[in-house]
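Report on the following structure.
The values are calculated or read from the model by the stated rules, or taken from the named source; none is laboratory data. Computed from a predicted model, the values in this text were never measured in an experiment. Note: ideal-geometry Cβ built from the backbone for every residue, glycine included; neighbour counts use all protein chains shown.
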Amino acid sequence: MSYKSSRPSWPNRGRRAPGRACPAKCGGPILRVRRTRLACASRRYRRNTLSARWAGPIRSMPAGNPIRGCPGHRHSSACPAHMEGERAGDDASPCDVPSGPTRENTRNSTGDVTGFLKQQKRIFVMTRKAPSIKLTLLAIATAVAISPAAYSGSKFAAVAGQDRLAAPAAQGAAKAEQYDRFIVSYRADAKRLVANTRSQQLTTASRTLGFAVRPMRTLATGAELLRTDRKLDDAAMKLLAIELMKDPNVLAVEPDRLRKPLMVPNDPGYAQQWHYKNGPGGINAEPAWDLSTGTGVVVAVLDTGITPHSDLNGNIVPGYDFINDPEVSVDGDGRDADANDPGDWHDGSCSIFGTPDDSSWHGTHVAGTIAAATNNGAGVAGVAHGAKVQPVRVLGRCGGYESDIIDAVTWASGGTVAGVPANPTPAEVINLSLGGSGACSVAEQAAFDGAVARGTTVAIAAGNSGSDVANFSPANCNNIIAVSAVGPTGALAGYSNFGAKVDVAAPGGSGAAPAEANILSTLNLGAQGQEGEGFAWYAGTSMAAPHVAGVIALMQAAAAAPKTPAEIEKILVNTAYANGGFPVSCGYDKPCGSGVVDARAAVAVANGSEPLPSDPPPPPPPPPAIPLSNGVTVTAIEVLKNGRIRYELAVPNGASNLLFAMYGGTGDADIYVRYGAEPTDTAYDCRPFSAGNNENCFFPTPQGGKWYVTIKGFAATSTGISLYPSFVDGNWPRALEAEATALSSHRTRVNLSWTHGKRNVDVWRNGAILKTVRNNGATIDTFRIIGSGTMAYKLCNNGTAECSDEVSIDYASKKK
């Protein structure tokens, strides 16, 4: 995978498209207007430059009406908005949102606005050659930035920024992504093939599949990166995975997806940093700074790199550039110790419309939120201004590959990466303000597990698609802290992802005008290459995550001994809920974290001066799996790509020849089966993993109890699938129940009932046969024991070990 920061591109750059609808009709602002007169509702007005990265669907349109400015589209609900971050063209209408991804396998950053802001009233931000108001809506983790310039005309329809990753519904309309880089993960106990045998396997796979498969390198986690000589669609990827998984040591074959960039100080910009205050959406940092400033803690920022900035230079330690592909790195070389950000501008190569885009300087903005120099009479403040930032470059032109991010996570946390010098200052905290759609891959989960095992806490932006974070990685991975975004009112931002995977919320900005409602931090002012330094308001979960990373640095610096990542997460979650409860508009029906992070409370618990608050109330249990019946076929099953449908089957003791047969329909789905617990992508008892829907799992001598089945969609929506469960019933006694009643004179009566079994059954009590009875489905045991205790019973077919599960009763005798 790769992550990147991006903006929407627009056709007809620099001129007004004929027949384009007014912004109010599409529900979004006109983007990037350079002193161009626009007629709208018979009114004329001037606007300064406004650059915005679009991140999601626009306001609903009348059903069946063609969208003016969106040629060829008849849309019933919203303008197509699948782009994750091309630049809006001059005089562009929000109806012109592109309808397809710019580049296969790309992930977006989670929040930023490139450029600078020059306010009408506060000439605070440094300017470029001409006055402009530049804000960027970064896709995945970055959302929308809004200009503070005065508006003369009808009401400005500001749209909350959503990720450039469109919501799943919107994505379905886009062309399916194709990949030519794949990560092969191996089982933990796997015995690897020797090099020549592995080479022979790849040669065989190439010959069988009809395209070349070549090794690229081994990742720090032990996974292997491969490349094919052409991009593969879902069907071809499935065939590649099937071929490589003929090696039983292979756990998963997954695409290498491209990700995209999702004390009171006297700094003059601090007055505009509402996000540090104790308001509804702030993190209450001021009293926390009396307890800790983060001194001695290193925070790794895995992003676009860093640019020189007077408000940052003193808080930077050497990092590394992990971008291996020269087309992405654009700095003329591969991996090296120079994490300088050369800019991620492009001439249109990242846009389906060929629209150029300026550099975002996303990593510099994120770094400033974490550790900008504070109380120095200049610039802005950082959350953990005593900490050090380690810039680790993983995002470049059009984003960054997941394989590079995996190695960067390993190195930043103190792990070993082949060919890269050891990290002299391993980070206690990693910030990832990037992401993209899809499940958490086996390979990236291994990287996070490794980082956590080394004591590093990982904070990740939830994404800006306004959707369930379960569909967006890496925020949906385990062992990390996923962060949603709120605005100045404390309410969940409209662009922010949500869901049960989110741990806490933090300020990410409203994603709407005025600009001051968003996040102010450090930036470079160059359009392409670096120029002067400045500051800008950005919005998105990309901006929320570094607030949490900064608070973690404050906690670790205040703690007597380093806290484990699990302890850090627990403190953040519990203190956030105890100091404000769920964010506005969130709850168990729409979870977005336990609350807005409270820096003071978290630091006070970390240093031991306050006790850990109690846990938030638990969510309601998830809906149960759909029950299956022996021999009864379930038909007309439909499952979306990456969707899951859960089933369970109660299998009695003594059953044999257990079969789960999936067949028929269209598309490509896979069946996962597991005894005793629901299967996952990496934990299962059976996963045939073949092309199409015809897959079987067979167990000749199954264990009695619950068996769980998951049908997961692999390609586009699979429909008309049937699932047939069956087993041969051995007719053993089952469903044994026991009820004890205290009688007089220290006697106890136990009523036993059961189903099934042969003509005569043996009643066992406490490991010995009590009696043999005719199988009428019930019997009584009466005993006299003074005192209290436990009796254990089971029923077996007479003279055999064909028994029910054991049940126990507690008794307490009484004299009368």
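Residues that are farther than 19 Å from Trp274 by Cα, surrounded by fewer than 24 Cβ atoms within 10 Å (Cβ to Cβ) and modelled with pLDDT under 95 within region 472-500 comprise Gly499, Ala500, listed in sequence order. Condition check for Lys231 on (1) touching a helix residue (DSSP H, G or I) at 6+ places or on another chain (Cβ under 8 Å); (2) within 29 Å of Ala462 (Cα to Cα): one failure, at (1). Taking the criterion of being touching a helix residue (DSSP H, G or I) at 6+ places or on another chain (Cβ under 8 Å) and crowded, with 20+ Cβ neighbours inside 10 Å, would at least one residue in region 701-714 satisfy it? Within region 701-714, one or more residues are touching a helix residue (DSSP H, G or I) at 6+ places or on another chain (Cβ under 8 Å) and crowded, with 20+ Cβ neighbours inside 10 Å.
Determine, yes or no, whether Ala691 is in contact with a helix residue (DSSP H, G or I) (Cβ under 8 Å, 6 or more places away or on another chain) and crowded, with 19+ Cβ neighbours inside 10 Å.
no
Scanning region 274-281 turns up one or more residues that are in contact with a helix residue (DSSP H, G or I) (Cβ under 6 Å, 6 or more places away or on another chain) and at pLDDT below 95. Only one entry in Arg734, Arg749 is charged (D, E, K, R), farther than 30 Å from Val639 by Cα and exposed (fewer than 15 other Cβ atoms within 10 Å of the Cβ), namely Arg749. Phe660 satisfies every condition listed in (1) touching a Ser or Thr at 6+ places or on another chain (Cβ under 9 Å); (2) surrounded by fewer than 18 Cβ atoms within 10 Å (Cβ to Cβ) except (2). The strands (runs of 3 or more DSSP E) found wholly in region 645-699 and carrying at least 1 residues that are within 18 Å of Ser722 (Cβ to Cβ) and polar (S, T, N, Q) occupy 695-699.
Within region 397-456, the set of residues being part of a helix (DSSP H, G or I), crowded, with 23+ Cβ neighbours inside 10 Å, among the β-branched types (Val, Ile, Thr) and under 18 Å from the mean Cα position of the chain (by Cα) comprises Ile405, Ile406, Val409. The selection criterion, being under 29 Å from Cys592 (Cβ atoms) and either crowded, with 22+ Cβ neighbours inside 10 Å or in the same structural domain as Thr575 (by TED's automatic domain parsing) (or both), holds for Tyr276. Residues satisfying the criterion are absent from region 257-267 (criterion: basic (Lys, Arg), at negative phi, in a loop (DSSP other than H, G, I, E, B) and out of contact with any Gly (no Cβ under 8 Å at 6 or more places or on another chain)). Per the conditions (1) outside any loop (DSSP other than H, G, I, E, B); (2) over 23 Å from the mean Cα position of the chain (by Cα), the sole criterion not satisfied by Thr710 is (2). Scanning region 506-514 finds one or more residues that are surrounded by fewer than 20 Cβ atoms within 10 Å (Cβ to Cβ), closer than 30 Å to Thr307 by Cβ, modelled with pLDDT under 95 and not hydrophobic (A, V, I, L, M, F, W, C). Entry remark, region 770-788: residues being in a loop (DSSP other than H, G, I, E, B), small (Gly, Ala, Ser) and closer than 23 Å to Ser745 by Cα number 1 in total.
Can you spot a residue in region 637-647 that is under 26 Å from Gly730 (Cβ atoms) and within 27 Å of the chain's Cα centre (by Cα)? Checking region 637-647: at least one residue is under 26 Å from Gly730 (Cβ atoms) and within 27 Å of the chain's Cα centre (by Cα).
Listed here are the residues, each with its yes/no results for (1) among the hydrophobic types (A, V, I, L, M, F, W, C); (2) touching a Pro at 6+ places or on another chain (Cβ under 7 Å); (3) assigned by TED's automatic domain parsing to the domain that holds Leu219; (4) farther than 30 Å from Thr293 by Cα.
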{"residue": "Val366", "(1), (2), (3), (4)": "yes, yes, no, no"}
{"residue": "Thr374", "(1), (2), (3), (4)": "no, yes, no, no"}
{"residue": "Val380", "(1), (2), (3), (4)": "yes, no, no, no"}
{"residue": "Lys388", "(1), (2), (3), (4)": "no, no, no, no"}
{"residue": "Arg397", "(1), (2), (3), (4)": "no, no, no, yes"}
{"residue": "Asp404", "(1), (2), (3), (4)": "no, no, no, yes"}
{"residue": "Pro421", "(1), (2), (3), (4)": "no, no, no, no"}
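Which of the residues belonging to region 523-550 are of a type in the set (A, V, I, L, M) and touching a strand residue (DSSP E or B) at 6+ places or on another chain (Cβ under 8 Å)?
Within region 523-550, Leu523, Leu525, Ala536, Ala539, Met543, Ala544, Ala545, Val548, Ala549 meet the criteria.
Test Asp331 against the stated conditions and say whether it is more than 19 Å from Val429 (Cβ to Cβ), of a type outside the set (A, V, I, L, M, F, W, C) and outside any helix (DSSP H, G or I). Yes.
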